[in-house]
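K.L.:
The structure under discussion is supplied below as structure tokens; questions concerning it will follow.
The values are calculated or read from the model by the stated rules, or taken from the named source; none is laboratory data. None of these values were measured; they are calculated from a predicted model. Counting neighbours? That spans all protein chains shown, and the Cβs are built from the backbone with ideal geometry, glycine included.
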Amino acid sequence: MNKYQKKVLIIVFSILVLIAVVAVIYSFLIKRNETNLPSENPSIPNQEKNLLNKEMGILDDYDEFFTVSNIINNYYEVLSSKNANDLLNLLDEDYKTELGIQSYNVLTILGNDYNGVTFTPWEIYYNKDSVITYYFINGYIEEVNYVDDSSIYKESVNFLVIVNKQTKNYALRPLNDNIIIKDYAYSYNLVEKNLKYNSYKDIDTSIDTVLITYLNVFRDLLFLDNEKAYNMLDDSMIDNYQNVEDFYMHSEEIYEYIPSNVFGYSVIQDNEQKIYKIIDEKQNEFIIYEYGIMNYKISY
């Protein structure tokens, strides 16, 4: 092999090596770009992203609102049954650790004298669009004694309910009744939770159910908390009474006049409020001005 042939072979070999190097680099760049491309199934990264969204807001969904309310009322049913093991399963694990709650002391710590309790929420704050959802709830409870037809009323009761919307598991913890629930919710440190004991069902709530709830809450408060009922009057109604005391003097006739059911209704959206015109079976008209769930004024 002469010098010319050797030179040709060296050149050909160098070109082949260069081609191989370029091919390797090109293959590496393609794989890196494919890795950085969005997934073909966008639900997976979205689920991971929303597993614990910490953005807080006020709950404005009827179904969720009444679902959470049902969870708390179930808690009071279990509390009334005095079943320590079932009660333990309802409670948040961290809450049980903090208070040293065990089966032998759970009823002593939470109370064992609850019977016939109904919880009604006023406001709920939550971290929206999140799989692990924290609900911070303020409401009131009424405990009815059916023997002497008396009631025990507690005007401010707070809860935290944590749910996993994928598995439908939940846990709860009673909160201090003196806290301002909005401030507490916005300052709370949200963490992922492994919820495994309890399951809940979503509730489908009709507008009829919402309006019936509004009417009956107002009727109950006429006797449970007359001042609160007075403050639920629309401005057009306030002038009909000299003061809260005068309003209280008419509470029985108002109770009889306000219906406990809805025969028909119409609704219009007016800026930040919904105006419901309700008709009872006697064709009397009542108006509810709704500014948010359980945030409303009434006119009759």
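K.L.:
Any chance the range 216-224 includes a residue that's of a type in the set (D, E, K, R) and within 22 Å of residue 155 (Cα to Cα)?
P.N.:
Narrowing the range 216-224 to residues of a type in the set (D, E, K, R): 219-220.
Imposing the further condition that a residue be within 22 Å of residue 155 (Cα to Cα) reduces the set to 219-220.
For the range 216-224, residues of a type in the set (D, E, K, R) and within 22 Å of residue 155 (Cα to Cα): present.
K.L.:
A further question follows. (1) at pLDDT below 95; (2) touching a Leu at 6+ places or on another chain (Cβ under 9 Å): which one isn't true of residue 229, the others all being true?
P.N.:
All conditions pass for residue 229, except number (1).
Here's the yes/no breakdown for (1) among the aliphatic types (A, V, I, L, M); (2) modelled with pLDDT of 95 or more; (3) surrounded by fewer than 19 Cβ atoms within 10 Å (Cβ to Cβ); (4) out of contact with any Cys (no Cβ under 8 Å at 6 or more places or on another chain):
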| residue | (1), (2), (3), (4) |
| --- | --- |
| 134 | no, yes, no, yes |
| 138 | no, yes, no, yes |
| 146 | no, no, yes, yes |
| 154 | no, yes, yes, yes |
| 159 | no, yes, no, yes |
| 164 | no, yes, no, yes |
| 168 | no, yes, yes, yes |
| 171 | yes, yes, no, yes |
| 185 | yes, yes, no, yes |
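K.L.:
Is it the case, given these coordinates, that residue 68 is within 19 Å of residue 200 (Cβ to Cβ), in the same structural domain as residue 166 (by TED's automatic domain parsing), in a helix (DSSP H, G or I) and over 20 Å from the mean Cα position of the chain (by Cα)? Outline the logic, then answer.
P.N.:
Values: within 19 Å of residue 200 (Cβ to Cβ): yes; in the same structural domain as residue 166 (by TED's automatic domain parsing): yes; in a helix (DSSP H, G or I): yes; over 20 Å from the mean Cα position of the chain (by Cα): no.
Criteria not met by residue 68.
K.L.:
Specify the residue that is surrounded by the fewest Cβ atoms within 10 Å (Cβ to Cβ); the eligible residues are those in the range 190-248 that are within 18 Å of residue 68 (Cα to Cα) and among the small types (Gly, Ala, Ser).
P.N.:
Looking at residues that are within 18 Å of residue 68 (Cα to Cα) and among the small types (Gly, Ala, Ser), I get 206.
K.L.:
Also, quick follow-up: What number of residues in the range 174-185 are over 14 Å from the mean Cα position of the chain (by Cα) and in contact (Cβ under 8 Å) with a residue 60 or more places away in the chain? Break it down stepwise before answering.
P.N.:
So the first thing to find is which residues in the range 174-185 are over 14 Å from the mean Cα position of the chain (by Cα), and the list is 174-180, 183-184.
Okay, now just the ones that are also in contact (Cβ under 8 Å) with a residue 60 or more places away in the chain, so 174.
Of the residues in that region, 1 qualify.
K.L.:
Report, by residue number, each residue of the range 219-231 that is touching a residue at least 60 places away in the same chain (Cβ under 8 Å) and touching a helix residue (DSSP H, G or I) at 6+ places or on another chain (Cβ under 6 Å). Lay out the reasoning, then the answer.
P.N.:
Here is the first cut: in the range 219-231, the ones touching a residue at least 60 places away in the same chain (Cβ under 8 Å) are 220, 223-225, 228.
228, the sole residue that qualifies.
K.L.:
I would also like to ask the following. Return the residues of the range 106-132 that are surrounded by fewer than 18 Cβ atoms within 10 Å (Cβ to Cβ), of a type in the set (Ser, Thr, Tyr) and not in a strand (DSSP E or B); say none if nothing qualifies.
P.N.:
Passing the criteria: only 108.
The rows are residues; the columns are (1) assigned to a helix (DSSP H, G or I); (2) out of contact with any strand residue (DSSP E or B) (no Cβ under 8 Å at 6 or more places or on another chain); (3) of a type in the set (A, V, I, L, M).
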| site | (1), (2), (3) |
| --- | --- |
| 211 | yes, no, yes |
| 221 | yes, yes, yes |
| 237 | yes, no, yes |
| 248 | yes, yes, no |
| 253 | yes, yes, no |
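K.L.:
Could you please find all residues in the range 76-105 being of a type in the set (D, E, K, R) and not in a loop (DSSP other than H, G, I, E, B)?
P.N.:
Just the residues of the range 76-105 that are of a type in the set (D, E, K, R), to begin with: 77, 82, 86, 92-94, 96, 98.
Within the range 76-105, 77, 86, 93, 94, 96, 98 qualify.
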